[in-house]
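Visitor: This is the structure I have questions about; it appears just below.
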Amino acid sequence: MEMVERYIYAVTQRLPQGQRIDIAEELRGLIEDMLEERNDGRPVENTDIERVLIELGSPAELAEEYRGTSRFLVGPDLFPAYLSVMKMVLIITVSAMGIIFAVETILTPMSILHHFVDLLISLFVTATQVFAWITAGFAAAQYFGVAPPGLSGGYNRKNWNPSELPPVPDKKKQIKRGDVLTGIIFSILLLVLVRFSNHLFGVLLFEDHHLEATIPFLNEEKLLELMPLIYLMVAIGIVKEISKLMAGRWTKNLAIANLVINGAIFLLAMFILRDQAILNPDFVQQLSDSWGISKQQEEYTTIKTVWKLSYNLALAAFVITLLIDTVTGFYKAFRK
Amino acid sequence: MSEVDELVDKLLQELRRGTITIGVLSQLDKPQYGYSLVSILSDKGMHVEPGTLYPLLRRLEKQGLLESKWDTNEGRPRKYYLLSRKGKEVFAQLKNEWKSIVGNMEGLLRESEETNDGNG
């Protein structure tokens, strides 16, 4: 009879705690009844038990009958969204780490091996973390049944309404996943550049293919002060990209949201750049010194003019980019 | 097993699945335990695997169609199931639905037989 207990254990183990004792008792009775009937008074042998258990079906199958539903960590409704989120986030994290690796290698090329080992370790650690957290998030959504309709295919399974059917994507209005990815990766690249700005974001002076010194564009002290705002700006930018991705195509609402976010980015940028305090105040002096140009020389004035012009051009480029992005959104949303 | 037999087998299984519930409800005016129900149904021509029936009884109980009670007086403890008031109501309605299905099906099948006879 030991095999009967093993069978019952194998079934009940797959069932919710609260039902186990009751079902075990019932199954025990059933198996005894079946044995009694099949044997008709003959002593029960192991082969009889085996035959009865095989008739009852595999423990997994029987337990599934009892549960009535199949169990998923992430069910078929959520799985496509799970896959695409996983892919996107992994691509972004891997690129971010690639960027950091590249930056560190430029700064200290001698320790490239060290950086590479660091890269491998953090790739492994981060990828594991990303995988675990995304899976945990989706598993929780599955378990509590709280998945937002956008993730589970766009409409309620039971009470769906034909008007909720997502429109067939219009190629011209569609937001391409690649563009969103590029946007996010570009934001991260910019952030890394600024963060390491006193080494990277400036005029790089090389000597024998070796980074000798950097004349930074930005004022390190002021930058540290403003860093939280810069993080905020990048975060807003990433939120913008993600909302574009979730919308999937250009709509009036998305275009308006895009306008608002771009406006916020513009205001933040203006605040960060006010009085030009974030710029390296000694840039012209430092560059002239390294080139051996004195204040009296004509070249000094040229450097000064170019520096000011470059700043204004960069600012103009930034504003124009934001404008184009905003207008493009409206254009794509409203064109037929 | 030929392909036709296999298909017939599969479709028949689907067909039977729905009838089991009505069959079970029809026999639970008096309390029965799972295996006695298997025998009763089997005697009347409805073959149900215990592995299907036991979980079904439990589901019907959870839905409030059946009530259950453990009887520990006999040699081995047994769980007896009985129609609840809600179960009786549901069964009465199902019975009517079933009769109309049978009527409709008979009409359909008679028609198809007549057409085939006419053609063939």
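Visitor: Is it true that some residue in region A:96-105 is surrounded by fewer than 13 Cβ atoms within 10 Å (Cβ to Cβ) and either out of contact with any Lys or Arg (no Cβ under 7 Å at 6 or more places or on another chain) or basic (Lys, Arg) (or both)?
Guide: Among the residues of region A:96-105, not one is surrounded by fewer than 13 Cβ atoms within 10 Å (Cβ to Cβ) and either out of contact with any Lys or Arg (no Cβ under 7 Å at 6 or more places or on another chain) or basic (Lys, Arg) (or both), which makes the answer no.
Visitor: For region A:261-283, how many residues are of a type in the set (D, E, K, R) and surrounded by 12 or more Cβ atoms within 10 Å (Cβ to Cβ)? Give the steps one after another, and end with the answer.
Guide: First, pick out the residues of region A:261-283 that are of a type in the set (D, E, K, R): A:274-275, A:282.
If we keep only those that are surrounded by 12 or more Cβ atoms within 10 Å (Cβ to Cβ) too, we end up with A:282.
Going through region A:261-283 one residue at a time, the tally reaches 1.
Visitor: Looking at this structure, is A:Met86 touching a Phe, Trp or Tyr at 6+ places or on another chain (Cβ under 9 Å) and within 11 Å of chain B (Cβ to nearest Cβ)?
Guide: no
Visitor: Test B:Leu15 against the stated conditions and say whether it is at pLDDT 90 or above, among the hydrophobic types (A, V, I, L, M, F, W, C) and assigned to a helix (DSSP H, G or I). Before you say what the answer is, go through the steps one by one.
Guide: Values: at pLDDT 90 or above: no; among the hydrophobic types (A, V, I, L, M, F, W, C): yes; assigned to a helix (DSSP H, G or I): yes.
Criteria not met by B:Leu15.
Visitor: A further question on this structure: When you check A:Ser294 against the structure, is it without any contact (Cβ under 8 Å) to a residue 12 or more places away in the chain, assigned by TED's automatic domain parsing to the domain that holds A:Val203, polar (S, T, N, Q) and not in a helix (DSSP H, G or I), yes or no?
Guide: Numbers: without any contact (Cβ under 8 Å) to a residue 12 or more places away in the chain: yes; assigned by TED's automatic domain parsing to the domain that holds A:Val203: yes; polar (S, T, N, Q): yes; not in a helix (DSSP H, G or I): yes.
Criteria met by A:Ser294.
Visitor: So B:Leu12 passes all but one of these: (1) free of Cβ contacts under 8 Å to residues at least 12 places away in the same chain; (2) farther than 21 Å from A:Gly57 by Cβ; (3) among the hydrophobic types (A, V, I, L, M, F, W, C). Which condition number does it fail?
Guide: Evaluating B:Leu12 over (1) free of Cβ contacts under 8 Å to residues at least 12 places away in the same chain; (2) farther than 21 Å from A:Gly57 by Cβ; (3) among the hydrophobic types (A, V, I, L, M, F, W, C) leaves (2) as the failure.
Visitor: Can you tell which of A:Ile236, A:Ile256, A:Ile215 is under 30 Å from A:Thr105 (Cα atoms) and part of a helix (DSSP H, G or I)?
Guide: Unique residue meeting the criteria: A:Ile236.
Visitor: Tell me, which residue of region A:9-49 that is more than 12 Å from chain B (Cβ to nearest Cβ) and of a type in the set (Val, Ile, Thr) is nearest to B:Tyr80 (Cα to Cα)?
Guide: The residue in question is A:Thr12.
Visitor: Still on this structure, please answer the following. Condition (residue is touching a Lys or Arg at 6+ places or on another chain (Cβ under 7 Å), more than 9 Å from every other protein chain (Cβ to nearest Cβ) and under 30 Å from A:Ile54 (Cα atoms)) applied to region B:81-93: is it met by at least one residue?
Guide: Step one: of region B:81-93, the residues touching a Lys or Arg at 6+ places or on another chain (Cβ under 7 Å) are none.
No, region B:81-93 contains no residue that is touching a Lys or Arg at 6+ places or on another chain (Cβ under 7 Å), more than 9 Å from every other protein chain (Cβ to nearest Cβ) and under 30 Å from A:Ile54 (Cα atoms).
The values are calculated or read from the model by the stated rules, or taken from the named source; none is laboratory data. Being a predicted model, the structure only gives us computed values, none of them experimental. Using ideal geometry, Cβ is built from the backbone for each residue, glycine included, and neighbour counts are taken over all protein chains shown.
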